[in-house]
Amino acid sequence: MLLAWQPALSAPSPVAESVDGAVTAWMKTYHISDAEVAVALHQNIVGSYDHGWKPTERHPIASLSKAITGVCIAGLVDDKRLAMTDTLDSVLVGYFKRNNGANAPKDPRFTAITIDELLTHRAGLTKNAFDDKNDHSVSASFKTATQTMLDFAPGSTISYSDSGYLILGYIAQVFGNQAYGTVCGKVFTRLGMPANAGVIDDTLVARAPNGGWDISAQDYAKFLYSFDKQSGVLGPVTSQWLDAQPGDAGYAKGQKSPPTQAPCPRFPGKPAYALGVCMKHTALGTQYYHDGLLHHHMPDYPKTGGSFFFVNEAGYAAVVIFSGENDGKAYGALEKSVIAVMTAKAAYAVPGQ
């Protein structure tokens, strides 16, 4: 389904202005060098801002890439090519049997992992079961992941894992019979956007499904319309599945023994995680967010910086992409300040309503 884009508003909205004000203050406090900001209401850009980077320029979004992979997989489920209950053994049976079974995973529990568990960080995978230094393609990263032992039994524990979305991207590549970026780039055209709205960063190809997309703040804000019920991008099966995701304290707070990483620490209580986004259901609807961070440790990738988005129940989506050294304190301050603006009473004032 193609969606016709309406023109952006001629003047930024008060919500967009408030978001940018929070980002501007944060950049000054933490000496952030460059950033781009965009705010959309449903499918329309209502404000965008240049802080050294134009909001139409593509830049790395790190883990915000997971939502692109999530929506891509949702399309396969809605098209009945995949089911949430499918196991890796059934989905990739040919891969595991190839070469007389030489591709069998090191951990026999690996093949029992389901699509649902991969999408919700309950697959039992270690955080990074691939090799940033030696893997140079999604296929190579997947092969490395198959030879890594699981941290937990599938379905038993919540723990954030880049590996899960890497595997989902490989599945999309297999089903589409094309490179991951080509297959999952179709999520943009489903929204009426150009197919190249997002591209895979040349140096991040091996981790593309979990952290390799380059896209502008404006185009990512438009992409987030995928999660808006008005868009119709998610079909009845995946939409109902998303709405039914149970909240769990494990998504908000990790445990020390055995150690796990919480996917959604900015949402207190019992949030949920699916399709590459953290979710919190409220009396007004659903809030969504995710963050992404670039690290120096990735070989041949000297860039640092990050990205963050937040969508409130009224349909406003705020996206920030930035560069420069930062630590947990700086990053946390950005998230808290944007969430505060996006959940203030003024952020629910929708023109014409």
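The values are calculated or read from the model by the stated rules, or taken from the named source; none is laboratory data. Because the structure is a prediction, the values reported are computed rather than measured. Note that each Cβ is placed from the backbone with ideal geometry, even for glycine, and that neighbours are counted across all protein chains shown. The accessibility values were calculated without ligands, DNA or RNA, using every heavy atom of the protein model including side chains. Shrake-Rupley method; radii C 1.70, N 1.55, O 1.52, S 1.80 Å.
Overview of results
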quantity	calculated
Selected residue (criterion: surrounded by the fewest Cβ atoms within 10 Å (Cβ to Cβ)) from residues of segment 22-37 that are assigned to a loop (DSSP other than H, G, I, E, B) and of a type outside the set (A, V, I, L, M)	His31
Among residues of segment 93-121, those that are open to solvent by less than 60 Å² (accessible area, probe 1.4 Å) and not in a helix (DSSP H, G or I), counted	8
Test for Ser216: is it small (Gly, Ala, Ser) and either open to solvent by 10 Å² or more (accessible area, probe 1.4 Å) or more than 21 Å from Leu293 (Cβ to Cβ) (or both)	no
Test: residue in segment 81-90 that is among the small types (Gly, Ala, Ser) and farther than 30 Å from Gly232 by Cβ	no
Residue match in segment 189-209 (condition: among the basic types (Lys, Arg) and open to solvent by less than 50 Å² (accessible area, probe 1.4 Å))	yes
Check on Val233, buried (at least 16 other Cβ atoms within 10 Å of the Cβ) and at pLDDT below 95	no
Which numbered condition Arg81 misses (of (1) modelled with pLDDT of 95 or more; (2) basic (Lys, Arg); (3) in a helix (DSSP H, G or I))	(3)
Residues located in segment 204-239, provided they are among the polar types (S, T, N, Q) and without any contact (Cβ under 8 Å) to a residue 40 or more places away in the chain	Ser239
So Thr56, is it assigned to a loop (DSSP other than H, G, I, E, B), in contact (Cβ under 8 Å) with a residue 24 or more places away in the chain and open to solvent by 40 Å² or more (accessible area, probe 1.4 Å)	yes
All positions within segment 316-352 that are β-branched (Val, Ile, Thr), open to solvent by 10 Å² or more (accessible area, probe 1.4 Å) and not in a helix (DSSP H, G or I)	Thr343, Val350
Hey, Ile113 under 21 Å from the mean Cα position of the chain (by Cα), within 19 Å of Leu64 (Cβ to Cβ) and at pLDDT 95 or above or not	no
Residue match in segment 38-48 (condition: at pLDDT 95 or above, in contact with a strand residue (DSSP E or B) (Cβ under 8 Å, 6 or more places away or on another chain) and not in a strand (DSSP E or B))	no
Every pair of residues 6+ apart whose Cβ atoms lie under 7 Å, when the first sits in segment 192-203 and is on the phi > 0 side of the Ramachandran plot while the second is assigned to a loop (DSSP other than H, G, I, E, B) and open to solvent by 60 Å² or more (accessible area, probe 1.4 Å)	Gly192/Leu2; Gly192/Ala4; Gly192/Trp5
Leading residue by the ranking (surrounded by the fewest Cβ atoms within 10 Å (Cβ to Cβ)) among those in segment 167-188 that are among the small types (Gly, Ala, Ser) and more than 13 Å from Ser137 (Cβ to Cβ)	Gly176
Positions within segment 145-174 being under 14 Å from the mean Cα position of the chain (by Cα) and not hydrophobic (A, V, I, L, M, F, W, C), in sequence order	Tyr160, Ser161, Asp162, Ser163, Gly164, Tyr165, Gly169
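For every residue, the table says whether it meets (1) under 17 Å from the mean Cα position of the chain (by Cα); (2) farther than 22 Å from Phe310 by Cα.
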residue: Ala197; (1), (2): yes, no
residue: Ile200; (1), (2): yes, yes
residue: Ile215; (1), (2): yes, no
residue: Asp219; (1), (2): yes, no
residue: Phe227; (1), (2): yes, no
residue: Ser239; (1), (2): yes, no
residue: Ala244; (1), (2): no, no
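Let's see how each residue does on (1) open to solvent by 40 Å² or more (accessible area, probe 1.4 Å); (2) closer than 25 Å to Thr120 by Cβ; (3) at pLDDT 95 or above; (4) out of contact with any strand residue (DSSP E or B) (no Cβ under 6 Å at 6 or more places or on another chain):
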| site | (1), (2), (3), (4) |
| --- | --- |
| Asp248 | yes, yes, yes, yes |
| Lys256 | yes, yes, no, yes |
| Ala274 | no, yes, yes, yes |
| Lys280 | yes, yes, yes, no |
| His296 | yes, no, no, yes |
| Pro299 | yes, no, no, yes |
| Gly306 | no, yes, no, no |
| Val311 | no, yes, yes, no |
| Ala314 | no, no, yes, yes |
